[in-house]
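Nothing in this text is a laboratory measurement; each read-out follows from the coordinates by a stated rule. Because the structure is predicted, anything quoted here is derived from the model rather than measured. So basically every Cβ, Gly included, is an ideal-geometry build from the backbone, and we count neighbours across all protein chains shown.
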Amino acid sequence: MADNSISQPPLAEVWHLNNRINLKLLDALTDQQLAATIAPRGKALTSYFAHIHMARFYWLQRRAPALAGKIKKLSSKTSSRAALRQALIDSGKAMGELFAEAERTGHMKGIASRLGPVGFLAYSVTHEGHHRGQILLHLKIAKMPLDRDISYSLWYWNKI
């Protein structure tokens, strides 16, 4: 009888792919794009990246306080590209540890206990993908769209 099971990558590996996509997007932005706002006194793109990091911080505080203690809070208004990048690296690593542990144990503390580790991974990746979409739309409205080739490259997951 043939084995019809499909080998799945570890949850942490999927998570780290998501984080590399965020970093690729951040790295692709010019300083002018990163500072772009679409309304007077509106948010700059830095706020989306800071929000992604802070959401991770929030999730980690509730699910793995020791991991949350390894990362720093970040201001959406004063964060430089370098600070944003490092924060995403640090919180991405901590979230990867959370998912690796959840895969080992089969459960996760908090709301994720209802969803399970796979459900929480789906929720987390969807949340960050939503904000990547907002960033791309923000750039389009600001008439500073991301280079088309770079935009498409965010979907070449086997190369990221």
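Structure notes:
- Residues in the stretch 138-152 carry Karplus couplings, in order, of 4, 5, 5, 5, 6, 6, 9, x, 5, 3, 4, 5, 5, 4, 5 Hz; the curve used is 6.51 cos²θ - 1.76 cosθ + 1.60 with θ = phi - 60°, and Gly or Pro positions show x.
- The chain, helix-only ellipticity at 222 nm - DSSP H runs n ≥ 4, -39,500 (n - 2.57), divided by all residues, nearest 500: -21500 deg cm²/dmol
- Helix 11-28 and the longest principal axis of the C-alpha atoms of the chain enclose an angle of approximately 10°.
- Of (i) 29, 20, 12; (ii) 22, 17, 16; (iii) 33, 20, 14, the label for semi-axes √(5λ) of the Cα gyration tensor in Å derived from the coordinates: (i)
- Dipole magnitude of the stretch 98-154, debye to nearest 20 (Cβ charges: Lys/Arg +1, Asp/Glu -1, about Cα centre): 200
- Relative to the longest principal axis of the Cα atoms of the chain, the long axis of helix 81-105 lies at roughly 10 degrees.
- For HIS127, HIS107, HIS138, HIS16, order by how many other beta-carbon atoms lie within 10 Å, fewest first: HIS107, HIS127, HIS16, HIS138
- Label zone at ASP149 (point 7 Å along Cα-to-Cβ), backbone N below 18 Å, the stretch 30-58: 30
- Cβ-based exposure ranking for GLU101, GLU128, in which fewest neighbours within 10 Å come first: GLU101, GLU128
- Cα-centred dipole magnitude for the chain, charges only on beta-carbon of K, R (+1) and D, E (-1), debye, nearest 20: 660
- Inter-site label distance for LYS24 and LYS140 at 7 Å from Cα along Cβ, in nm: 1.9
- Taking the longest Cα principal axis of the chain as reference, the axis of helix 46-63 is set at about 20 degrees.
- Residue among GLN134, GLN86, GLN32 with the largest mean-square fluctuation in a Gaussian network model of the chain, springs linking Cα atoms under 10 Å: GLN32
- Spatially close lysines, pair count over the stretch 11-159: Cα under 16 Å, gap of eight or more or interchain: 8
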